[in-house]
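In what follows, a structure is listed as structure tokens, so that the remarks can point back to it.
The values are calculated or read from the model by the stated rules, or taken from the named source; none is laboratory data. Note that the coordinates shown come from a computational prediction; the quantities given were computed from them, not determined experimentally. Backbone-built Cβ (ideal geometry, glycine too); neighbour counts: all protein chains shown.
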Amino acid sequence: MNQTVVTKTMWLTKFAPAQFLVGVLLLLCALTFYYFAVLRIDYSKTTLLDLAPHPDATEYFAQAKALRRDAWPYIQIGYERLPSRYPFGYPVLMLPWLKVLPGADSVLAPFRTNQTMGLALLLAVFAFYAYLAMPLTGGFAVLVLATLPGFFTFCRSSLSEVSASLLVVLAFMFAYLGVKEERRWKIYLSAVLLGLSLNVRLQSLFFAPVLLAMAVFPMRGMRLRWLLHCAALPVVFALAASPALAFNTIQFHSPLKTGYDFWAPYFSMKHLLFCLRYIPRNALMLWNQATVQPHGYDAANIFGTGTSFVPAFVLLTCAGLFFIRLSWFIGCAFLAALSSFTASLCYLFGRDGRFYLPVLILLVAVAILPVAWAANNLVARKQILAVLAVFILLAAACLGYPSRSGYNTHGINRSQAWDALHFTAPPRQSIQFVAQRQFARVLKRQPGILLSDIDPVYLNALLPRSFIAAPIDGNHNYKWSYTWRYDRPQALAMVEHGLEQSLPVYALFVSRDEMTTKQSRLPAVPGYEWHLLDNSRGKTAILKLAPVGSDEPWPPH
């Protein structure tokens, strides 16, 4: 028996450097793929600078700009500074990039933030396994994660999923280390990280069962001390989440109310956000992706192919279930993941794959268990057929083949890795970004009021502060609020107020065709008429409200 242990120890010692080397090589492969699939993207050749989907990405960016300008998160429509429907945690993470990016390039801040968070997550995963003396497993984990379609798709997005996922995954890591090494401070750090994630995405609350790790912590000494730690952990978690709760109290007079209650009160009043009857349709979306059937449109189609995971990844995960060593922590982690997964299935918008991203990332830890087993058996030259089958699944998962790309497309012969490397071909142009940039260039820094069908929150975040942007009429993204109203009377009142203050009033359209179609919606002011400016070059159309019969030179001196 002792000889067997000595032999095993010698084998591990002999191959430890080789495992570390192979693990680092796998990490470099993952980082290389991440560079070409995410970091190298030229966003000026995409439509992503429009900050779709609206209003999510737009409000995140607007809050970040407001925090940088006035140290308070808000969105602006006309002269009014209003609360956003989304938490301010993700905009806070954008602030370093807003300081680095000059002028109009500030629109890249949401994307650069996610690229940074994704890179940090890859390095954190490898560091975690290296710390556990499992560098080879860490290399496989990073490679599977980097090539997970949902991961690299949202790493190049302007949404908050990757930032929240980083905090959630770190919370799981420290909870595991706290139980394994019997260090309570690591479980407290896990509670802090998970609490902070609520300031990024409120849905992170459903991962709270992982903090039950404190309850399964081995009891040492007095039972009262154990009870005090169990009671203190929720307090730490609540304190870390308190910025969002305090902000909600200030804005909406209740910690449990959010911007959704202000902008979309219908859902909260009717209690329709979470309901069991949403499960069948949401589960159908996941089933269609797992079985490579046509599936519907979601945010992943904006930043990628619309596919968040492939069948090979599902098969690896199912195989990994047989390698899990049951423990109290595994029970807590499973309960947390199941809680989040169930909540997403019951969510009104649960057909969007991004809500499952944190769970998908956590499942990487399960998917690599058979891979680690196969690697060890490959070195020992045992069960070669089973090893070969596992590595075939690993290759298919990393290549993302077979899979579908696009919205309700036919044919399953797509590789997600190949499509990721060709994301910007053919190049396209961001129409709304080009229109506002042309307007700012023509008008420079002159003060004025701007009416447009382009999202006013987007325009106010990008244009110089001397301009105030507002919708043309009531046809805009913020018309569902029961508290705040903006329609034709408000637009006319703002224009008349601007004229009284001797402020020029403009209208911006992304094309001449749009101008022809929508010009009739502009406010009609007695004694004034809309004139197309001669300096409107290209496709963008800029109109100015001027007195009837005036022949004002342009640009004004």
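Structure summary
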item: Helices (runs of 4 or more DSSP H) fully within the range 27-141 counting 2 or more residues that are among the polar types (S, T, N, Q); result: 56-70, 109-131
item: Members of the range 323-336 that are under 17 Å from Ile368 (Cα atoms), in contact (Cβ under 8 Å) with a residue 12 or more places away in the chain and part of a helix (DSSP H, G or I); result: Phe323, Ala333
item: Of all residues making up the range 420-472, the number that are of a type outside the set (Val, Ile, Thr), under 23 Å from the mean Cα position of the chain (by Cα) and buried (at least 19 other Cβ atoms within 10 Å of the Cβ); result: 12
item: Unique residue being under 24 Å from the mean Cα position of the chain (by Cα) and either of a type in the set (A, V, I, L, M, F, W, C) or crowded, with 20+ Cβ neighbours inside 10 Å (or both) when the list is Val359, Val371; result: Val359
item: Identity of the residue in the range 176-195, buried (at least 20 other Cβ atoms within 10 Å of the Cβ) and in contact with a Gly (Cβ under 7 Å, 6 or more places away or on another chain), that ends up nearest to Leu93 (Cα to Cα); result: Ser190
item: Hits in the range 246-258 (condition: out of contact with any helix residue (DSSP H, G or I) (no Cβ under 8 Å at 6 or more places or on another chain) and surrounded by fewer than 18 Cβ atoms within 10 Å (Cβ to Cβ)); result: Ala246, Thr249, Ile250, His253
item: Selected residue (only one of Leu21, Leu26, Leu95 is of a type in the set (A, V, I, L, M, F, W, C), over 20 Å from the mean Cα position of the chain (by Cα), modelled with pLDDT of 95 or more and not assigned by TED's automatic domain parsing to the domain that holds Leu463); result: Leu26
item: Single condition Gln501 does not satisfy, out of (1) farther than 30 Å from Arg68 by Cα; (2) free of Cβ contacts under 8 Å to residues at least 12 places away in the same chain; result: (1)
item: Selected residue (only one of Val210, Val200, Val235 is within 30 Å of Phe423 (Cα to Cα) and among the aliphatic types (A, V, I, L, M)); result: Val200
item: Check on Pro523, under 20 Å from Ser550 (Cα atoms), touching a residue at least 40 places away in the same chain (Cβ under 8 Å) and not assigned by TED's automatic domain parsing to the domain that holds Ala62; result: yes
item: Condition check for Ala337: assigned by TED's automatic domain parsing to the domain that holds Ala386, closer than 23 Å to Ala396 by Cβ and in contact with a helix residue (DSSP H, G or I) (Cβ under 6 Å, 6 or more places away or on another chain); result: no
item: Hey, Arg485 of a type in the set (D, E, K, R), surrounded by fewer than 19 Cβ atoms within 10 Å (Cβ to Cβ), out of contact with any Leu (no Cβ under 6 Å at 6 or more places or on another chain) and farther than 30 Å from Met269 by Cβ or not; result: no
item: Any hit, the range 310-321, residues being touching a Pro at 6+ places or on another chain (Cβ under 9 Å), surrounded by 13 or more Cβ atoms within 10 Å (Cβ to Cβ), at pLDDT below 95 and not aromatic (Phe, Trp, Tyr); result: no
item: Residue under evaluation Arg325, criteria (1) under 16 Å from the mean Cα position of the chain (by Cα); (2) more than 22 Å from Ser157 (Cα to Cα); (3) basic (Lys, Arg), criterion not met; result: (1)
item: Selection within the range 64-97 - of a type in the set (Lys, Arg) and more than 24 Å from Gln203 (Cβ to Cβ); result: Lys65, Arg68, Arg69, Arg81
item: Positions within the range 259-292 being in contact (Cβ under 8 Å) with a residue 24 or more places away in the chain and either outside any helix (DSSP H, G or I) or not assigned by TED's automatic domain parsing to the domain that holds Gln76 (or both), in sequence order; result: Ala264, Leu272, Leu273, Phe274, Cys275, Val292
item: Residue count for the range 392-414, restricted to those that are modelled with pLDDT of 90 or more, surrounded by fewer than 19 Cβ atoms within 10 Å (Cβ to Cβ) and more than 28 Å from Leu170 (Cα to Cα); result: 3
item: Odd one out for Tyr297, checked against (1) within 20 Å of Phe355 (Cα to Cα); (2) modelled with pLDDT of 95 or more; (3) aromatic (Phe, Trp, Tyr); result: (2)
item: Members of the range 259-286 found to be surrounded by 18 or more Cβ atoms within 10 Å (Cβ to Cβ) and either of a type in the set (A, V, I, L, M, F, W, C) or more than 22 Å from the chain's Cα centre (by Cα) (or both), listed by number; result: Phe262, Trp263, Tyr278, Met285, Leu286
